[in-house]
Amino acid sequence: MTGTPSSHSDARWVEIWFRTLLVCAMALPMLVLYTVSALGPFLAPDLGIDPSQLAYLITSAFGVAAILSLWAGAVVDRIGSRRALQLLFLTIAVAFSFTFIAPNFAGLVAAVAICGIAQALANPVTNLLIAQRVAAKKRAKLVGLKQSGVQLAALFAGLVLPAVALTWGWRSAFGILVPLALLFAFTTYHVTPKAHEQQKQGLKLSRPNALLLYLMSIQFCLALALSAFVTFLPTFATQQGMAPAIAGALIAFFGGAGMLSRIVLTPLTAKLKEESWMLLGLNAASALAIAVTMQAAPGSHWPLWLGAIGVGLTAVATNAIAMSMLIKDAAFGVVTSASAYVSVAFFGGFALGPLIYGSVLSTSPDGSFLGWQITIGILILACVLALLLARKRHKVRTLCPC
């Protein structure tokens, strides 16, 4: 009997650390988006760049992620969860180390692009780990937990990093994340399987069907709007007279609202017969939230808070809902390849959204408001596509009620 309590305690701590690694494997790769957003008011003046150029930082990371996502699953199957998870965290450590020492804006763009490797690996490796270590009946709960890491990144970036930047500078805000990533990289050994049966999965993907193309288009539009909103909200807030540190807190409120929306709306939507209607409603509500954001003025900042919370409560849930639709309905295609295509569409939208808004911001005398109007238009297009998806799925069910 001696030592039994200790062994139970050790197993408990291993399980806690396993869950922590899952959450952080999702949070750290996406943290670059929220870090650039929250620190935008510090970055632009210090580097002597126009705020619109912040878009290149987001585009570099998500552009790489979009390209690599098609083959990330096959790579994870080939090298195993342990090596893939270590590669993810080491990549983050390298990326943020380079951002800390980058001599100029071009160097910063190149450093941030490295995060795209980790972004592409995040979902495949965490999903594989859950499949390897977690009983089938508990997997859905763990998937929800690890997906909340994305919004946890926003919460952390908004609450912590502006304060660090005010005290020690924006480079230190990037640098403090390096030891954390290294810690996770070197402790993956204790929570990942020792053996891995190598999967010789090919790199060839099947072509997406009509249903999947509709869902990809919706996710692409949503990502265009969401990335532009998150990247430039703090910069827009400072233009309305809000202090940079407080403007960064907007991202924290966005992240908190996003965590709540994913926890509540994803399982709720899964019970619906047609999830496309929820996608339509959430995109419409997101457009309304951005319209409220546009009402902000130097003497009136409440629309900024309401807009940040509104977009977090609505737009953030749509990607999780889309992924659950792929798992629930085989009509979209094989889950692995269908998920890869949706990820490519989503990351592609994230790569292009800030560029579109940034170009409008730099070329139009009223760039901020025109950029928000274009963003609202993109979300309305997503609503139309959701309606078309609902109709298409109805026709498919009519032809094949099975």
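Numbers for the structure displayed
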| read-out | value |
| --- | --- |
| Semi-axes of the equivalent ellipsoid for region 69-219, Cα gyration tensor, largest first, Å | 30, 20, 17 |
| Rounded to the nearest 20 debye, dipole of the chain from Cβ charges on Lys, Arg, Asp, Glu | 1560 |
| Theoretical ellipticity at 222 nm over the chain - DSSP helices of four or more residues, -39500 (n - 2.57) apiece, nearest 500 | -28000 deg cm²/dmol |
| Whole-Å distance, taken between Cα centres, linking region 97-162 and region 315-388 | 19 |
| Relative contact order for region 37-112, counting Cα pairs under 8 Å that sit 6 or more residues apart, in percent | 34 |
| Compactness of the chain as Cα Rg over 2.2 N^0.38 Å, two decimals | 0.97 |
| Kyte-Doolittle mean at least -1.0 and Cα axial length at least 24 Å: DSSP H helices in the chain | 4-47, 55-79, 81-101, 115-133, 139-159, 210-239, 244-270, 276-293, 335-363, 367-399 |
| Hydrodynamic radius (Kirkwood) for region 45-158, which is based on Cα pairs only, to one decimal in Å | 15.5 |
| Where Rh is the Kirkwood radius over Cα pairs, Rg/Rh for region 247-305 | 1.08 |
| Rg ratio (alpha-carbon, reference 2.2 N^0.38 Å) - region 239-373 | 1.19 |
| Convex hull volume per residue for region 329-402, taking Cα atoms only, in Å³ | 77 |
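Here, each number is a calculation from the coordinates, and none is a lab measurement. Everything numeric in this text was worked out from a predicted model, so none of it was measured. Backbone-built Cβ (ideal geometry, glycine too); neighbour counts: all protein chains shown.
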